[in-house]
Amino acid sequence: MTDAILTRREGSVLIAQINNSSRRNAIAKEHCVALSAALAEASSDSSLRALIITGDETAFCAGADIVAAAQAAAAAQQSGETPNPAESTMLPQLNALITEIHAAEIPVIAAVEGAAAGAGASLAFACDLIVGGEESYFTLPFGKIGLIPDGGVSLTALASLGRHRALALSLLQDKLGVEEAAEAGIVAKRAPQGQALETALKVAERLHIAPRDALAKAKEAINRTTLRQLDEQLQWEEPTQYAQMASAGHKEGVMAFLEKRPARFD
């Protein structure tokens, strides 16, 4: 594939675009690593005020690239190895990225068009501000492939939605549309369809209202209270998710996805 993430600078903002449109911007290891690199670049450049993460006009991010993960696991099996999920999946890289977004001294903005699903929702919810196009939505369909919500989204969703709404999103796996997301305070700014990135750039311009270090401390102050258990949550999620990956439910869910049929769970 071409570069996993396309970056460009617009004034005092670095834009990082997920580059996997053929799979609705699903992400794998290389995307997480490249996003971490973009965040490090933006954080180290004192002339930059924000990092914007975006997809394209069809989707922000459809979640983990299940096809890539299945291919990695199959390759390990063919070589006679027992697949190691810490190596065949992107979870360590995703968790590192989520931690880095949380700790970054610059605001990270998600410009969302279409779906922010699964790990895509985890990524969006980890960002400091979300701008959503009129057809954007958030969904946590992990259960459809026998997994738990990961990337810290159970905590970030809870911080934004409250317990019962977070549970409904996780258990029922409904779509949270942009209108409801805005009413819940998740989406900071709604944008006309196709203009989430343009609107996010305008939002980023407002960050010049305060010194860069003051914004960093304001972000830290909020996160110290609302997300103080993030490291603990990520440490619990990773082995729990690996155990789920070994389950019959996960195998059935993945096969159903690859075969484009309804899953048959007990």
Q. Quick check: anything in the stretch 71-85 within 27 Å of TRP236 (Cα to Cα) and modelled with pLDDT of 95 or more?
A. no
Q. Does ASP231 qualify as being acidic (Asp, Glu) and either on the phi > 0 side of the Ramachandran plot or in contact with a helix residue (DSSP H, G or I) (Cβ under 9 Å, 6 or more places away or on another chain) (or both)?
A. yes
Q: Kindly indicate whether any position in the stretch 19-30 is in a helix (DSSP H, G or I), of a type outside the set (Phe, Trp, Tyr), farther than 26 Å from ALA86 by Cβ and open to solvent by 40 Å² or more (accessible area, probe 1.4 Å).
A: yes
Q. Taking the stretch 217-234 only, how many residues are touching a residue at least 12 places away in the same chain (Cβ under 8 Å) and of a type in the set (Lys, Arg)?
A. 1
(Q) If a residue counts only when it is small (Gly, Ala, Ser) and under 29 Å from ARG212 (Cβ atoms), which strands (runs of 3 or more DSSP E) contained entirely in the stretch 82-192 have at least 2 such residues? (A) 108-112, 129-133
Q.
When you check ALA38 against the structure, is it without any contact (Cβ under 8 Å) to a residue 60 or more places away in the chain and farther than 15 Å from GLU105 by Cβ, yes or no?
A. no
**Q.** Filter result (of a type in the set (Asp, Glu), within 14 Å of ILE66 (Cβ to Cβ) and in contact (Cβ under 8 Å) with a residue 24 or more places away in the chain) within the stretch 235-266
**A.** GLU252
(Q) Condition first: small (Gly, Ala, Ser), in contact with an Asp or Glu (Cβ under 7 Å, 6 or more places away or on another chain) and closer than 26 Å to ALA104 by Cβ. Can you find one or more residues in the stretch 209-223 that meet it? (A) yes
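Would you check if ASP45 is out of contact with any Leu (no Cβ under 8 Å at 6 or more places or on another chain) and not aliphatic (A, V, I, L, M)?
Judged against the criteria, ASP45 is not a match.
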Q. If ILE106 satisfies every condition in (1) touching a strand residue (DSSP E or B) at 6+ places or on another chain (Cβ under 9 Å); (2) under 15 Å from GLY151 (Cβ atoms); (3) buried (at least 23 other Cβ atoms within 10 Å of the Cβ) but one, which is the exception?
A. (2)
Q: May I ask you to say which residue of SER170, SER136 is touching a Pro at 6+ places or on another chain (Cβ under 8 Å), polar (S, T, N, Q) and at pLDDT 95 or above?
A: SER170
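Give the residues of the stretch 62-103 that are charged (D, E, K, R), open to solvent by 50 Å² or more (accessible area, probe 1.4 Å) and under 15 Å from the mean Cα position of the chain (by Cα), sorted by residue number.
GLU100
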**Q.** Looking only at the stretch 175-213, and only at residues there that are within 17 Å of the chain's Cα centre (by Cα) and not aliphatic (A, V, I, L, M), the one that is most open to solvent (accessible area, probe 1.4 Å)
**A.** LYS175
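The values are calculated or read from the model by the stated rules, or taken from the named source; none is laboratory data. Please read all numbers here as calculations on a predicted model, not as lab measurements. A quick note on method: Cβ atoms are made from the backbone with ideal geometry, for glycine too, and the neighbour counts reach across all protein chains shown. The area values use the complete protein model at the heavy-atom level, side chains included, leaving out ligands, DNA and RNA. Shrake-Rupley method; radii C 1.70, N 1.55, O 1.52, S 1.80 Å.
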